[in-house]
1. Spot the failing condition for A:A98; the list is (1) at positive phi; (2) under 15 Å from the mean Cα position of the chain (by Cα), and only one is missed.
2. Would you pick out the residues in the range B:102-131 that are more than 19 Å from B:R89 (Cβ to Cβ) and open to solvent by 10 Å² or more (accessible area, probe 1.4 Å)?
3. With respect to B:L415, is the statement that it is touching a residue at least 24 places away in the same chain (Cβ under 8 Å) and either under 28 Å from B:F61 (Cβ atoms) or open to solvent by 40 Å² or more (accessible area, probe 1.4 Å) (or both) true?
4. Can you go through B:V365, B:V318, B:V322 and tell me which one is over 28 Å from the mean Cα position of the chain (by Cα), under 19 Å from B:G96 (Cα atoms) and not assigned by TED's automatic domain parsing to the domain that holds B:R265?
5. Could you identify the single residue in B:A141, B:A172, B:A135, B:A167 that is within 13 Å of chain A (Cβ to nearest Cβ), closer than 19 Å to B:A396 by Cα, part of a helix (DSSP H, G or I) and in contact (Cβ under 8 Å) with a residue 12 or more places away in the chain?
6. Sort out which residues of the range B:41-61 are of a type in the set (K, R) and open to solvent by 20 Å² or more (accessible area, probe 1.4 Å), and write them in order of number.
7. So, in the range A:10-36, how many residues would count as being more than 7 Å from chain B (Cβ to nearest Cβ) and either among the β-branched types (V, I, T) or open to solvent by 10 Å² or more (accessible area, probe 1.4 Å) (or both)?
8. Considering the range B:363-387 alone, what residues qualify as being out of contact with any Leu (no Cβ under 9 Å at 6 or more places or on another chain) and without any contact (Cβ under 8 Å) to a residue 60 or more places away in the chain?
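The values are calculated or read from the model by the stated rules, or taken from the named source; none is laboratory data. Since the model is a prediction, treat every value here as computed from it, not as a measurement. For neighbour counting, all protein chains shown are included, and Cβ atoms are generated from backbone atoms with ideal geometry for every residue, glycine included. With ligands, DNA and RNA removed, areas are computed over all heavy atoms of the protein, side chains included. Shrake-Rupley method; radii C 1.70, N 1.55, O 1.52, S 1.80 Å.
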There are 2 protein chains.
Amino acid sequence: MPTGPALLTDRYELTMVAAALADGTADRDCVFEVFARRLPHGRRYGVVAGTGRLIEALPEFCFGDDELETLRAQGLTDPRLLDWLAGFRFSGDVDGYAEGEPFFPGSPVLTVRAPFAEGVLLETLVLSVLNHDSAIASAAARMVGAACERPCIEMGSRRTHEQAAVAAARAASLVGFVASSNLEAGRRYGVPTTGTSAHAFTLLHDDETDAFRAQIEALGVGTTLLVDTYDVVQGIRNAVAVAGPGLGAIRLDSGDLPTLATHARELLDSLGATGTRIIVTSDLDEFAISGLMAAPVDGYGVGTSLVTGSGAPTAGMVYKLVERDGVPVAKRSEGKNSVGGRKTAVRRHDADGTATAEVVTSGRVEPRDGDRSLLVELVRGGRVVDPSSPADALTAATAHHRRVREALPPEAWALSRGEPALETVTE
Amino acid sequence: MPTGPALLTDRYELTMVAAALADGTADRDCVFEVFARRLPHGRRYGVVAGTGRLIEALPEFCFGDDELETLRAQGLTDPRLLDWLAGFRFSGDVDGYAEGEPFFPGSPVLTVRAPFAEGVLLETLVLSVLNHDSAIASAAARMVGAACERPCIEMGSRRTHEQAAVAAARAASLVGFVASSNLEAGRRYGVPTTGTSAHAFTLLHDDETDAFRAQIEALGVGTTLLVDTYDVVQGIRNAVAVAGPGLGAIRLDSGDLPTLATHARELLDSLGATGTRIIVTSDLDEFAISGLMAAPVDGYGVGTSLVTGSGAPTAGMVYKLVERDGVPVAKRSEGKNSVGGRKTAVRRHDADGTATAEVVTSGRVEPRDGDRSLLVELVRGGRVVDPSSPADALTAATAHHRRVREALPPEAWALSRGEPALETVTE
C-alpha cells in the first residue's frame, strides 16, 4: 500500500506530464510561483506555514510499484509516462519565504524552478500543504495577538480531519500557541500537549466531588478542574473544597464568559484560591478573545475557529507558471490576471525597524538600508538545504515568526476588516 | 513510527482513562451519543458521512510499543494507564445512522456503548472523522441538488489538507459527485478520477494551438480543452480547429460564467461542434451552480467551496455521555443543555412516502406505518458487523443516500436559510 505523498495529487498533473513528454516540452526550464491574490476578509497579514511539512514530504514524493499500479488501474497506461514517473526524483530548486514569515497579496511565498514535468507534478501537494497550514497559522496569529501575553491552547482536533488536526496543532504552535491537545502533534513535532478532563468525566461519577477527587488523585492539585457541568458556583466551591486553595486552575466552557469569569475570580479569591487560574473555552475566536481582555482570564482554549481558519479555512494560494525558458508568461484572459516573470521580494523597513512595504519585483531590487530579503534557499538540485528534524524546524520557524512579527506596523494587529498592513509594491 | 490512529487523540481522553482506572469507574457501562445541536447557516438538512472511514480505522486503534513510548515521552507515565492501553481493543457496540443518511438537529447519528474508558478513548477520532466528512457531504449534497441532473466533479484537493482532500473526494462521491481529481481517492475508495490540463500547460507552449494539439495527441479528441488562457473566443476557435467538431468539451475557468457559457455555446454550434460540452469551474458553490441553471452548461467542477464545506467546514457534532450504568445523565449548567438517556430514532413518512418528521426518543417509539428505523448495527462486541471493502462500503452508502434523499420534502432543496426540512420530534 502506498504511504508516500505522490498520489495526493490531481490527475491532471499527470496528464499534463504525459502530453509534455510526448511533444518534447517536458524538459523546458520552468519557474512556478506560489502566491495569494488577496488576504481573506480584510485581514491585515497572513502567515506562511507548511513549508517545513513540504520539505519533509519532498524526498518521499516518488512513484514505486504500488503507485504505478494504481495509475494503471485508473487508466493512466501511457508507457512513456509510467517509465518517466518510475525514475522521477525532484531535481530542481525551491526558494521560499521562511516558515512563519508574514505575507501579503502577491508575496512570492514559494518559487519552484525545474523542468516543466517535475515542477507541475508538485503543484497539488504544494498547494494542499501551504493553503491549509497557512490558513490555520494566519487565523491563529490573530488569536495570539488578541490574547496579548495570555497563553492560548489549541484544542480543535475534533473539529477537523484527523490528520489536518495534527498540522493545525503544528501551525498554531508556530505562531505562539503554547500547547495542543493533540498527542500526535506532540510526537511528530514536539508540540507540548495538555489535557485534563471533559464533562463526561464528571457525569461518569455519582457526584461532582467524586470526579474532582479522582482527577486530583491522578493529576495533582495543579490540574485544571472543569466546573460547569452542573452549577458553576457550586462547582467552584466543590473544586476548592477538594483541591484546597492550591488548585491550579478552573475551566469554564459555557455561559457568558466575561461575567462568569469575573464572578469566578471573586469567588475563588473569597475562598482563598487567589493563585488559581481561570481558563476559558467555548467557541472562542479572535474576537471573543479580544472581548475577554478586561476579564480576569488566565488562558484561552481554542478549538473550532482555529482549525477552520476562523472563517477562512484555506489561504487561497495559487501555483502559477511564471517563466518558461527564461521568458515571462502569464494568463491574459478576463479576470485573475497574473504577473509573469520570476519575482524576488524584500521587506522594507524605516529607521526604527518598522516594516513599511513588501517590495516584489521581477527585476532587481535596488537595495536600501533596512531591506530584508525574504526568499531563502530551501531545496537545491533536489536536495533539502536544511535537513533539520521536524521538531527542530518547527522551533526555528516559531522563533523566526516571533522575531519578524514584531517589525510589523501597529495596523497589523487590528482585527477589523481593512487593507493589508503593508502595501505590496512592484518595482 | 506509529501509523495507526490511536494518537490522533486529545490528551484528555487519556488522563480521564487514567483517573477512572484509579478510582474504579473505568468499567462503568456507558452510552455516548454523537449529534449536532443545529444545522449551520439555516441549512435544511445535513448528510452523515465518515462512518465508513471510522469503521476502517477502529480495528487499527490500538497502542503498540511506539504509541506507548510516545505517551511516556509526553509525561503520561502512569503504569496502570499504560498497561491498560497496551491491552486495549475496543470491545463495545456501535450503532449509527447509515452513511449517507440525512440528519437533523438532535439526530443520534452515532451511539457508542462500552465501558467508560473504552468509549471515551474513541471520542476525538469519532468526532474528527464525522465532523469533517459530514461537513463536506452536507455541502456537496446541496451542490448536487442545485446542479439537478448535470454532473459535478470534485477538484478541491489543493485547497485543503492533503489527507483531508482524500476524505473530501470520498464524501463528495457519496452524495453524487461523479468524479474527483484526487488520485488517492481513486485508489482507496474507487472514486472515478478525471483530469486534463491547467493554464500552465498552455503557457508552457509557444502558442495555444501547440498545447491543444499535444493534449489531444495524448488524451484523444474526447478530452476537455481549457480555452481561457488568452482570449476565450480565439481559444474556442483554436480548440475546434485542432480537435475538429468532435471535441469532447471545453472548460471555462474565469469571467462571468453565465454570459460566457452562452456565447461559447453559440460559437461552438456555429463551428459545428454541437456535441462539444461546456464545463465550468472558477470558485463555484451551490449558489453559483444554481445561478447557472439557465446557462448552457454541461458540468461543474467544484473546488474550494466543496472542500471547505461552503461556509461550514465542520459539522458541529458533539460526543456526549448520555447514560451511565443505565441512568440517564446530562450536563445541566447554563447553555448547551443535552438530553440524557440513550436515544433511538425513526423517520416518519406520510402515505406518499414523503418524510414528515425525525422522531427521536429515549423511550420506545410507538411504530406507525411509514416509519423507518434509522439506527443500524455497525459494531458488535468490538467486531465490525459489515466487513465490506472501503470501495464497496462507499458504493453502498452512495446508493443509500440516493434512495433516502428522494423521500425528503421539497423544502429540503431550498438553498435559502430557513428551518430544517424535518422537525426533530421528541416522543
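1. (1)
2. Correct list: B:P105, B:G106.
3. On the way: touching a residue at least 24 places away in the same chain (Cβ under 8 Å): yes; either under 28 Å from B:F61 (Cβ atoms) or open to solvent by 40 Å² or more (accessible area, probe 1.4 Å) (or both): no.
Spelling it out, it is not the case that B:L415 is touching a residue at least 24 places away in the same chain (Cβ under 8 Å) and either under 28 Å from B:F61 (Cβ atoms) or open to solvent by 40 Å² or more (accessible area, probe 1.4 Å) (or both).
4. On the way: B:V318 fails: over 28 Å from the mean Cα position of the chain (by Cα); B:V322 fails: over 28 Å from the mean Cα position of the chain (by Cα).
Unique residue meeting the criteria: B:V365.
5. Just one listed residue meets the conditions, B:A167.
6. First, the residues of the range B:41-61 that are of a type in the set (K, R): B:43-44, B:53.
If the condition is that a residue be of a type in the set (K, R) and open to solvent by 20 Å² or more (accessible area, probe 1.4 Å), then B:R44, B:R53 are the ones that fit.
7. 8
8. Correct list: B:R364, B:P367, B:R368, B:D369, B:G370, B:D371, B:R372, B:S373, B:R383, B:P387.
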